[in-house]
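Take a look at the structure below.
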């Protein structure tokens, strides 16, 4: 057995459980070993029930004094109540579908219970805590990110088995002189200690070593990508006169838009392939910048292509770009998967002959049989919706192509430089004049009926609204969340009976999603209940209210992206955050959203509060996944890693000599994981 062995061959895993690990991105023994604990329980420091802070996870040592029978609350869902006591106070613990857990608890026996404490100052309660026998309460207990069907204890046991199998044969990728210089422990000690520490001092040593290693390998990979791209020379596009472009616009661009356009024009005429990221809030005018870049390619006698993640977004971009560019002689063609064969063939012919100067489309642009006469510029919208391979596949439709990436996810500069290390950065912070800021309010569930009345008033005026529910997977319902499907049924029978209500969620087929969004866009649906798939959506200027249920379940940046779906027209728009959370962190996050509409301020706050592991809400396609580093707290190590990476590549550019061979392998693996060809 080695690091590349499938996890299913570990004892107690097998094919079925391997599918659960796959949901966490764990396929091999190596993936498992690098799935680090997100926190630790210190069972040697239990908290008295009466002093337990509300809405915070704590360990409580208590004796079982009463067990109730099973109560069925709905099909497939039952609950059990257990009363425990710590000689001063009592607490009721609720277990959902927890028959085996409750059966195993012995009356009059003491256990450690780890979980969030609810209730009030007089009465404490817990829901589905981890139960730890006292015999296991002498060392730190690792807590892992999980999916339904896996427990932290099961993961810890499987990790222990994996370490027993491969740890001794694990070479250290960091050269010994570098480890000694920076006082870093050996990889074998770090991996053993991060998973099964005896104290927090050991955790700190292991974490520092593993964080540096991760940032060092990432820095080496990004340095190599940048060096490779800087060594490529191509024919520069001629310098472009943008006066006619600016004069044709119905408004004048903001200073930030002009700066981004100037940076792009400089790239296009530099003799090097452009790799530029334009980032800015929803509605800041990135499409105008893309139009200017396409016009520059047109003036140079070349074609451009813009790829969007959905058909509706592609159609929306095609309409906007046509208005900007057709008066200047630029012919825009739309290409999507659902178009009729005859329409597709006309666009294909126009691209091959050069009659169409700008192609706007979905993944259809990279399908076989699509050929451009002289493609020079590739624009991708919402970078995180595409893998690097898809971006590259479109660029390969032309020779000597430039790449422009647009993202509506404002990212703190430090994080952007790491994630998009191969891209130059343009930032648009200013918003066009005349746009009304969205008014954002936070309420608890007691005011939900008033909010529903507010929504009905607007629907009766012919306007539209969204309601967003957290994405509830099977097994999460025990947290008191209602799946979006059930939520729709409930409100259609009660608060929104007689209104046209639609449903949008991630498990629907792409064609179904497009159908629902089109119906909402046309006004056939008045109220759209959705999961976060609506986060990157289309302009529906008539939608003026977004109500977000269980808002504390989302990251700040994700809430800001969701909020950006309203406020697209001339009407005043509103965002209503519903949350009963008593946790201080959750309150601070939601108050930030009520206070500001600046995506960049929100991004900085989000990063400081949650770290980059949760920053994007979900794993970004084509980007390296950081397992342990935290950009908000590890800036010093990041700068050190970047400095050491540059020095090492000066000494050994291909990492193929002596002690650098294993390091070179690890860098190649990271390059492959983000769609880049290793050296």
Report summary line: The condition of being out of contact with any strand residue (DSSP E or B) (no Cβ under 9 Å at 6 or more places or on another chain) and under 18 Å from residue 648 (Cα atoms) holds, among 163, 146, 184, only for 184
Query raised in the report: Can you spot a residue in the range 2-17 that is farther than 18 Å from residue 190 by Cα, under 23 Å from the mean Cα position of the chain (by Cα) and without any contact (Cβ under 8 Å) to a residue 40 or more places away in the chain?
Result: no
Report task. Could you check the range 18-74 for strands (runs of 3 or more DSSP E) lying wholly inside it with 3 or more residues that are closer than 24 Å to residue 150 by Cβ? Result -> 39-41, 57-67
Requested in this report: Could you tell me whether residue 208 is within 25 Å of residue 42 (Cα to Cα) and touching a residue at least 12 places away in the same chain (Cβ under 8 Å)?
Outcome: yes
Query raised in the report: Does residue 195 satisfy the criteria of being more than 26 Å from residue 647 (Cα to Cα) and at pLDDT below 90?
Result: no
Report summary line: Note: among 159, 155, just one is touching a residue at least 40 places away in the same chain (Cβ under 8 Å), surrounded by 17 or more Cβ atoms within 10 Å (Cβ to Cβ) and touching a helix residue (DSSP H, G or I) at 6+ places or on another chain (Cβ under 6 Å), namely 159
Report task. Under 6 Å between Cβ atoms, at least 6 apart or on separate chains: pull out the pairs that start in the range 583-609 with a residue that is exposed (fewer than 15 other Cβ atoms within 10 Å of the Cβ) and end on any residue that is modelled with pLDDT of 80 or more. Result -> 594/440; 594/442
Requested in this report: Please specify each residue of the range 83-109 satisfying the condition of being in contact with a helix residue (DSSP H, G or I) (Cβ under 6 Å, 6 or more places away or on another chain) and assigned to a strand (DSSP E or B).
Outcome: 91, 95, 96
Report summary line: Sole miss for residue 298 among (1) more than 28 Å from residue 230 (Cβ to Cβ); (2) more than 34 Å from the chain's Cα centre (by Cα); (3) surrounded by 18 or more Cβ atoms within 10 Å (Cβ to Cβ) is condition (1)
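Can you pull out the residues in the range 329-359 that are over 23 Å from residue 248 (Cβ atoms) and within 36 Å of the chain's Cα centre (by Cα)?
The first filter runs over the range 329-359 and keeps only residues over 23 Å from residue 248 (Cβ atoms), leaving 335-349, 351-353.
Matches in the range 329-359: 335, 336, 337, 338, 339, 340, 341, 343, 344, 347, 348, 351.
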Requested in this report: Please work out which residue is modelled with the highest pLDDT, limiting yourself to the range 373-396 and to residues that are surrounded by fewer than 23 Cβ atoms within 10 Å (Cβ to Cβ), closer than 22 Å to residue 270 by Cβ and over 21 Å from the mean Cα position of the chain (by Cα).
Outcome: 374
Report summary line: In the range 397-428, anything assigned to a strand (DSSP E or B) and modelled with pLDDT under 85 is listed as 407, 424, 425
Query raised in the report: Would you pick out the residues in the range 86-129 that are more than 23 Å from residue 41 (Cα to Cα) and modelled with pLDDT of 90 or more?
Result: 103, 107, 108
Query raised in the report: With respect to the numbered conditions (1) touching a strand residue (DSSP E or B) at 6+ places or on another chain (Cβ under 7 Å); (2) surrounded by fewer than 18 Cβ atoms within 10 Å (Cβ to Cβ), which one is the sole condition not fulfilled by residue 16?
Result: (1)
Query raised in the report: With respect to residue 149, is the statement that it is touching a helix residue (DSSP H, G or I) at 6+ places or on another chain (Cβ under 9 Å) and free of Cβ contacts under 8 Å to residues at least 60 places away in the same chain true?
Result: no
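The values are calculated or read from the model by the stated rules, or taken from the named source; none is laboratory data. All values reported here derive from a predicted model rather than from experimental measurement. Positions of Cβ are backbone-derived with ideal geometry, glycine not excepted, and every protein chain shown enters the neighbour counts.
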